[in-house]
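Enquirer: Dropping a structure here in structure tokens format, bear with me for questions.
The values are calculated or read from the model by the stated rules, or taken from the named source; none is laboratory data. Just so you know, these numbers come straight off a predicted model, no measurement behind them. Neighbour counts are summed over all protein chains in view; Cβ atoms, including those assigned to glycine, are modelled from backbone coordinates with ideal geometry. Ligands, DNA and RNA are stripped out before the accessible areas are found, and what is left, the full protein with its side chains, is counted by its heavy atoms. Shrake-Rupley method; radii C 1.70, N 1.55, O 1.52, S 1.80 Å.
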Number of protein chains: 10
Amino acid sequence: MSFATLDTSQHPNLPASSATLFSAKASKKLTFEQIATHINRNEVAAAAIFYGQAKASPEDIVKLSELLEVPHALLEEQLGGFPDRGRSVEMPPKEPLIYRLYEIVQNYGYAYKAVLNEKFGDGIMSAISFSTKVEKETDADGNNWAVITLRGKW
Amino acid sequence: MSFATLDTSQHPNLPASSATLFSAKASKKLTFEQIATHINRNEVAAAAIFYGQAKASPEDIVKLSELLEVPHALLEEQLGGFPDRGRSVEMPPKEPLIYRLYEIVQNYGYAYKAVLNEKFGDGIMSAISFSTKVEKETDADGNNWAVITLRGKW
Amino acid sequence: MSFATLDTSQHPNLPASSATLFSAKASKKLTFEQIATHINRNEVAAAAIFYGQAKASPEDIVKLSELLEVPHALLEEQLGGFPDRGRSVEMPPKEPLIYRLYEIVQNYGYAYKAVLNEKFGDGIMSAISFSTKVEKETDADGNNWAVITLRGKW
Amino acid sequence: MSFATLDTSQHPNLPASSATLFSAKASKKLTFEQIATHINRNEVAAAAIFYGQAKASPEDIVKLSELLEVPHALLEEQLGGFPDRGRSVEMPPKEPLIYRLYEIVQNYGYAYKAVLNEKFGDGIMSAISFSTKVEKETDADGNNWAVITLRGKW
Amino acid sequence: MSFATLDTSQHPNLPASSATLFSAKASKKLTFEQIATHINRNEVAAAAIFYGQAKASPEDIVKLSELLEVPHALLEEQLGGFPDRGRSVEMPPKEPLIYRLYEIVQNYGYAYKAVLNEKFGDGIMSAISFSTKVEKETDADGNNWAVITLRGKW
Amino acid sequence: MSFATLDTSQHPNLPASSATLFSAKASKKLTFEQIATHINRNEVAAAAIFYGQAKASPEDIVKLSELLEVPHALLEEQLGGFPDRGRSVEMPPKEPLIYRLYEIVQNYGYAYKAVLNEKFGDGIMSAISFSTKVEKETDADGNNWAVITLRGKW
Amino acid sequence: MSFATLDTSQHPNLPASSATLFSAKASKKLTFEQIATHINRNEVAAAAIFYGQAKASPEDIVKLSELLEVPHALLEEQLGGFPDRGRSVEMPPKEPLIYRLYEIVQNYGYAYKAVLNEKFGDGIMSAISFSTKVEKETDADGNNWAVITLRGKW
Amino acid sequence: MSFATLDTSQHPNLPASSATLFSAKASKKLTFEQIATHINRNEVAAAAIFYGQAKASPEDIVKLSELLEVPHALLEEQLGGFPDRGRSVEMPPKEPLIYRLYEIVQNYGYAYKAVLNEKFGDGIMSAISFSTKVEKETDADGNNWAVITLRGKW
Amino acid sequence: MSFATLDTSQHPNLPASSATLFSAKASKKLTFEQIATHINRNEVAAAAIFYGQAKASPEDIVKLSELLEVPHALLEEQLGGFPDRGRSVEMPPKEPLIYRLYEIVQNYGYAYKAVLNEKFGDGIMSAISFSTKVEKETDADGNNWAVITLRGKW
Amino acid sequence: MSFATLDTSQHPNLPASSATLFSAKASKKLTFEQIATHINRNEVAAAAIFYGQAKASPEDIVKLSELLEVPHALLEEQLGGFPDRGRSVEMPPKEPLIYRLYEIVQNYGYAYKAVLNEKFGDGIMSAISFSTKVEKETDADGNNWAVITLRGKW
């Protein structure tokens, strides 16, 4: 089985916490599923902390410190501030997997807007009061389907 | 109640079919929910046809012609080819609602990739063998939540 | 006294409603202050409707129709949909006055973020549950000062 | 409580003074409110000095040296020159909070211009003879509102 | 069966010949396979003439005039000059199918270069003394595979 | 004979594995043909692993370790994660050889789409369920021709 | 002698007033020197009105109407609003003469800043409380020198 | 009094000579006025040498070595080549002071061209056979005005 | 034999004179060689007038009017002003032939600079006091070579 | 006399060989003319090797090693691979001298294409089977002219 890792030579602008966290994750051979279970968040939220895109609560820091065996003081220093979001993906994305999500926005953006406006009226779906998850489905033919759910306050 | 409309002065690069379809939708005062029910697709897919982002099947054309009272020959001419996708949203999106979706990709892109790779191995989620839908939830406090689901083959 | 006008040859991508509204405003020789008073909104919100950046309510449409002597049916058709925001200013702005606002974001962006985060915690100021106004102050030396207030939900 | 910090790996182009100041702020556990009170400026101006966007006066340097316990000579060397403004935010901003301010300029830019021109005549609001502040309001329902005021000479 | 068509509202910068040729192709209900057979070229080369990317020889013009029943003089005027290539696809491509080809260049570009250099020495593969074709393969499981071959002089 | 090498000063964003692999390749004086034979893949796939664009299987890692005499543990650490594709070529490509491939997409993109759509119907050629190879042909006049084949699932 | 003219096919985004003014200038065969003398402004300011970059005062409109024999009502309608500046030159400039000015900013920008800061302290030179002129000098060898003077309030 | 300094963390692409010269200028507490007097050039030209935008003559190098007490051999090595101009300002400029000059080009570019063409005929003002200077004027009300003069051969 | 023509649908920003001149050239079936001979200029200069990149002298206008049988008054009106250069090629060029020239600048730019500086000292080659020509050479093997010469004042 | 040198702080993306070669050139005080004579190439080709834009043959490496007194093994390692061309000039070029060449392509690109097509038919001038040289001419008035010749296979 493979684990998601971080090659810092490819991501020089990620925060210092990303290197700390991913390095520990690799030596502990932990998946995000295991990490998420431990900190009681869903996997995407857990991964978002690793990439500097979500704020870790004091409890998250305590639990990550335990699980990853990283000194609490170091994690607190590196994760204690406010995330400087938006620096992990250079847009348009070059990574094919991420590009597919970008392409969905490009192709379906106005369709989403039209349907959302008709359902909810004028306004937007928040990207902040927001949660998201990834699930795996396997159909009768044995094909795997990735299901991503976005849930945002109107 | 408001209906999603198209102002062609703002979208000069959409296909000719978009003007035809939206013009009929406005005079018929139909929502995408009503249209989707009639052609037996979900709302986002229906709207995607209107924006030139999805291929209408011969059955779709027949049903749209009936519902919208647009001559079948005209619709067939305008919708019979293959969609030239990707022209409806200029990236990065300027529309705030669509920008929020873009922002989700920008912020969570690598988190999705990490979780998907750990769950499915190397590969991508298809944006073509793909379906998507929008749902409305209302929580106990009366707040509305928009739920967007993306489901793509791995 | 001069009135803000719209030269459509400079703004080909604004919605059809912008041409209708500005044309009537020019022939009626009305300021946004007068229009705002009539529709009971602040001036910036009124101007935002003219530029296609805010949704006009049914009451707004009735009152604008009266004041500007534009047929109600025409305004309803042009303003009845959902605004397709973000198309009035091409970024980075070329207009010096608008560029100064852009420059404020460029120079003070992180200072705002730091102060807002320390005052409110992690999160953002909404640009949707949001109001803004412009006021004029004259100091003791007779200098005029423009005061712009942005008020957004956290 | 969290303090705004600086992760220099994410901001390699900020001036050397930014690293000095933020490092001291973190070890002293000071908020910008406390720093602003000490140097008798408002919080945004104080933060702008930390991000290299405003010139520190000799008095500012003395007071910052005292409060932060940074040698006066070092601060004078790093803050004594003229700010090379504009390098803290890469435009368009990727940070969601800062993007919302950018979006306000994008959406309301011409509305501001129209109202300002009608109120003040031709000209611009200075972004240099300029002050700005952030305030927190809590409404009857307990919701917090961020209020940003921009005040520039015409 | 569907035919590839051209919606000129989506391609305002294609040459006048493109509109002429695609309009005739649609009314004649011809595929590029049929057209290619008639002018004795491969399908991609035939399509490239339709999109203004390849020069039509005098014989091509005669045969296209016959097959499409377009006056020879008109075709000669519109196709007689030298192609002004490169205007059909705006890069990066927004169309998902074309983007996939772009992505192959993005991902495999240096791998191709390394292998080509080791096989051929320093130099390049010409994109002018060049031919290309598309073939369809169906494997044992009934899956279709598209095979694109590029052949260029070194 | 010359070997394809990597000058890391020109490619600072490639993964750490690229430096390891190319350095060993240079000291071993191996071509991609030899490496491909050893790991039983085609040359382009082998080169893609070197540039961080393809996932190395556990078997690939074992064989590369043997052939290149690089410690297995190091290769496993550097190649064991999931490739972060798309960072090797900055688009548009500056390298003339790679630009020619880009130019083919720019010029023939819509021709490929038209022919593929007519042959396969609506859809795309996958760039993931995909293989590619490079071959050398010499014609009767002694000219060399590079033949690149792309084969993707529809 | 040649007169500066406007080819509207090259400048579709200039305001309607530009076409009116340049058309009259051409048929009257007037230079900007003659026009500037008539309206009692310097030549660059006069030309700036023609390109929509400066506000014409009511007196300017009267005088231009007389000199150019354009109906006063038409000029008032087209010039009576507030200029929407910044649309005449697309940056970076493609016109070689204008590019040279851009190049001066690119090469000397920081040198100007350093000298201005040392002479005036922190701040900027206004581009609004600003005047500029062009003069011609001929040296002893008969060479012509263009002298452009920029004068802005600090 | 403040001196213009260089923070190399903000200008990593300036030549090595810039760091040498600015470092010496700071420790010697010299203004560009003093330096310019010493090397008998105007201030902007002196500053341009410091930013790597102008070639230092052998005499300049001797005098700068004396004044700044930098070893002549070091200065000769760093300044003896030909300037690689254009790297000091990233366009469009982010620095507000430099942006104002850019804005002048953006707004007045065609006005300058029109007036210059009418005065001098077809051609351009050289940005190479060129000199420029900055002067300070104080008007009757005590306001300071910056006057920048550009003088280029036609 | 083919003649270079202009498809105005591909070049909407060329001056009105371009359409006039190319239309007459096509109906007269003239090459640039014939036109150049008639107006006594080299071919590239003649073509540059057709593309709006060079100023036509009064004599050029007379001779072009005769040769092309276009009314002198029309040509004088369209060509009598000053060229607004730089609008014929959108950079980077998409046309393969023009891209090759761009690529030469990209690849050899610093090599030219180094050699020119060593031969001529600091300075530039003028692109205005400049002439250029195209010649055809055929070598012993019957291969054709295009020779482009650029000659600019230092 | 001045020699062309390389300041690596301005060119961090050039290959390692560039630093080696330019460093030796500077200490040996050699011009490209002398180097070119020694390796029996023209000056531009010699400079192109120094900037990593041309492949050095084994003979070139031997001769450069001798002349520059650089160990042969080091040069072979650094120059033995295939050039990764296109990284020396960032487009559009900022350097004024190189920009003038870019400007020639921008202004004359279509004129060259038209003349070349009429002389040679459809096709392109190769930028690979290509040679170029720089010559110096002095006219009767003592003015120097730079003459650049481009010669490419059709």
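Enquirer: Any idea what the dipole of segment B:51-130 comes to, in debye rounded to 20, about its Cα centre with Lys/Arg Cβ at +1 and Asp/Glu Cβ at -1?
Expert: About 400 debye.
Enquirer: If you don't mind, there's one more thing I want to ask. What's the magnitude of the charge dipole for the protein assembly as shown around its Cα centre, counting Lys and Arg as +1 and Asp and Glu as -1 at the beta-carbon? Answer in Debye, nearest 20.
Expert: I would put it at about 0 debye.
Enquirer: Quick check: the distance between the Cα centres of segment E:116-149 and segment B:114-145, to the nearest angstrom?
Expert: 36 Å
Enquirer: Quick check: net charge around E:Ile39, other residues with Cβ under 12 Å of its Cβ, Lys/Arg +1 and Asp/Glu -1?
Expert: Around E:Ile39, the charge tally is -3.
Enquirer: At most 10 other Cβ atoms within 10 Å and a DSSP loop assignment: could you name the GluC sites (Glu not before Pro) in segment I:67-136 that fit?
Expert: Here the sparse-neighbourhood loop sites are I:Glu69.
Enquirer: What percent of all Cα-Cα pairs in segment C:3-154 falls into each 5 Å bin, going from 0 up to the bin containing the maximum distance?
Expert: In whole percents, the pair-distance histogram is 2, 8, 14, 19, 19, 15, 11, 7, 4, 1, 0.
Enquirer: Another question, if that's okay. Given R₀ = 51 Å, what would the calculated FRET efficiency be for I:Val62 paired with C:Glu33, taking r from the Cβ atoms and rounding to 0.05?
Expert: The pair I:Val62/C:Glu33 has a calculated efficiency of 0.30.
Enquirer: Past 22 Å, Cα to Cα: identify those pairs from F:Lys25/F:Lys94; G:Lys25/G:Lys63; A:Lys55/B:Lys94; A:Lys113/F:Lys153; A:Lys55/F:Lys55, in the order given.
Expert: Table pairs above 22 Å Cα-Cα are F:Lys25/F:Lys94; A:Lys55/B:Lys94; A:Lys113/F:Lys153; A:Lys55/F:Lys55.
Enquirer: Between I and C, which I residue has the Cβ nearest their rotation axis, distance in Å?
Expert: Residue nearest the I-to-C axis, with distance in whole Å: I:Pro12, 7.
Enquirer: Just to be sure I understand: with springs between alpha-carbon atoms less than 10 Å apart, which residue in A:Gly81, A:Gly52, A:Gly142 has the highest mean-square fluctuation in the Gaussian network model of chain A?
Expert: Most flexible of the set in this elastic network: A:Gly142.
Enquirer: Quick one: putting +1 on the C-beta of Lys and Arg, -1 on the C-beta of Asp and Glu, what dipole do you get for chain B around its Cα centre, in Debye to the nearest 20?
Expert: Charge dipole of chain B: 200 debye, to the nearest 20.
Enquirer: Taking Cα pairs under 8 Å and at least six residues apart, what relative contact order does segment J:1-122 come out at, in percent?
Expert: Over segment J:1-122, the number comes to 22 percent.
Enquirer: Reachable aspartates and glutamates from G:Lys119, Cα under 16 Å, same-chain residues fewer than 8 places away excluded?
Expert: Correct list for G:Lys119: H:Glu33, H:Glu43, H:Glu135, H:Glu137, H:Asp139.
Enquirer: Here's something else I'd like to know. Calculate how steeply helix C:96-120 sits against the longest principal axis of the alpha-carbon atoms of chain C, using the helix alpha-carbon long axis, and give the answer as 0 to 90 degrees to the nearest 10.
Expert: With both axes taken from Cα atoms, the answer is about 50 degrees.
Enquirer: Taking the 0 to 90 degree range and rounding to the nearest ten, how far is the long axis of helix J:16-28 tilted relative to the main principal axis of chain J, both from C-alpha atoms?
Expert: Long axis of J:16-28 versus the principal axis of chain J: about 80 degrees.
Enquirer: While we're looking at this one, here's another question. Expressed as a whole number of Å, what is the distance separating the alpha-carbon centroids of segment G:23-51 and segment H:1-54?
Expert: Each part reduced to its Cα centre gives a spacing of 42 Å.
Enquirer: To the nearest hundred square angstrom, how large is the accessible surface buried between I and E, total for both chains, probe 1.4 angstrom?
Expert: The summed interface area works out to 1200 Å².
Enquirer: Past the 15 angstrom mark, what percentage of all C-alpha to C-alpha distances in segment I:41-105 do you count?
Expert: When all Cα pairs of segment I:41-105 are counted, 59 percent exceed 15 Å.
Enquirer: Per residue, how much accessible area does segment A:43-154 have with a 1.4 Å probe, in Å²?
Expert: 33 Å²
Enquirer: Here's another thing I want to ask about it. Could you give the angle, 0 to 90 degrees to the nearest 10, between helix F:58-68's Cα long axis and the longest principal axis of the Cα atoms of chain F?
Expert: Value to nearest ten degrees: 60.
Enquirer: Which one, J:Ser88, J:Phe130, J:Asn117, is farthest towards the positive end of the dipole of segment J:25-148 when Lys and Arg carry +1 and Asp and Glu -1 on their Cβ?
Expert: With unit charges placed on the Cβ atoms, the residue in question is J:Ser88.
Enquirer: Could you look at chain H and say what percent of its accessible area is carbon and sulfur, using a 1.4 Å probe and all protein chains?
Expert: Carbon and sulfur: 47 percent of the exposed surface of chain H.
Enquirer: Debye calculation, C-alpha points only, no solvent: report log10 I(q)/I(0) for segment A:7-67 at q = 0.22, 0.23 Å⁻¹, in the same order as the q values.
Expert: Debye curve over Cα of segment A:7-67, log10 I(q)/I(0) at q = 0.22, 0.23 Å⁻¹: -0.87, -0.96.
Enquirer: Considering only I:Lys25, I:Lys63, I:Lys136, give the residue with the highest GNM mean-square fluctuation for chain I, with springs between Cα atoms whenever their separation is below 10 Å.
Expert: Taking springs between Cα atoms under 10 Å, the residue moving most is I:Lys136.
Enquirer: If you don't mind, there's one more thing I want to ask. Relative contact order, percent, of segment G:21-62 when contacts are C-alpha pairs under 8 Å separated by at least 6 residues?
Expert: It rounds to 27 percent for segment G:21-62.
Enquirer: Report, to one decimal in Å, the Kirkwood hydrodynamic radius for the protein assembly as shown based on all distinct Cα pairs.
Expert: 35.0 Å
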